[in-house]
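Only one structure is covered here, and it is reproduced in the block below.
The values are calculated or read from the model by the stated rules, or taken from the named source; none is laboratory data. It should be emphasised that the depicted structure is a prediction, and the values quoted were computed from it without experimental measurement. Backbone-built Cβ (ideal geometry, glycine too); neighbour counts: all protein chains shown. SASA here: full protein model, heavy atoms, side chains in, ligands and nucleic acids out. Shrake-Rupley method; radii C 1.70, N 1.55, O 1.52, S 1.80 Å.
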Amino acid sequence: YTVCIEGGSRGLIEQLKQDGIQTRPLWKPMHQLRYLTEAFPFEIEVSPTLFSCGISLPCSVSLSPVQQSYVIERIEHHLRTR
């Protein structure tokens, strides 16, 4: 499950890691990969924005309601204290 965080996701990813919650940013846009930088001769605007704000949250089918609530509570806490 992926959401966009206003103001960027990198700080939140680090904070959640400290809470024991594994998240990850969206995949790096292909045109930003070192070996593909010259393969895109046109302007790409949307994917860098999504990469900077996107965060993939835990989404296992084995995630219990208690674990889900913990993830939600920690995200809300960190966003409130920004």
#### Entry: Share of carbon and sulfur in the accessible heavy-atom surface of the chain [1.4 Å probe, %]
58 percent
### Per residue, in Å², the accessible surface of the chain once ligands and nucleic acids are set aside, probe 1.4 Å
75 Å²
### Summary
Among [x] 6.5; [y] 6.0; [z] 5.3, the value of mean projected area of the Cα convex hull in nm² computed for this structure carries the label [x]
### Task
Grab the beta carbon distance between Glu45 and Tyr70, set R0 = 41 Å, and tell me the FRET efficiency rounded to 0.05.
0.70
#### Entry: Positive dipole terminus of the chain, leading residue within His78, Thr2, Pro29 (C-beta point charges)
His78
## Note on the structure
Listed by chain and number, the residues whose amide H is under 5 Å from that of Thr2, excluding neighbours fewer than 5 places away on the same chain and using placed H, are Leu57
### Query
For segment 54-69, in order, what is each residue's ³J(HN,Hα) by Karplus, 6.51 cos²θ - 1.76 cosθ + 1.60 with θ = phi - 60°, in whole Hz (x at glycine and Pro)?
x, 9, 8, 8, x, 8, 5, 5, 8, 6, 6, x, 5, 5, 4, 4
### Task
Give a residue-ordered list of calculated ³J(HN,Hα) values for segment 23-34 (Karplus: 6.51 cos²θ - 1.76 cosθ + 1.60, θ = phi - 60°; whole Hz; x for Gly, Pro).
10, 8, x, 4, 4, 4, x, 4, 5, 9, 6, 3
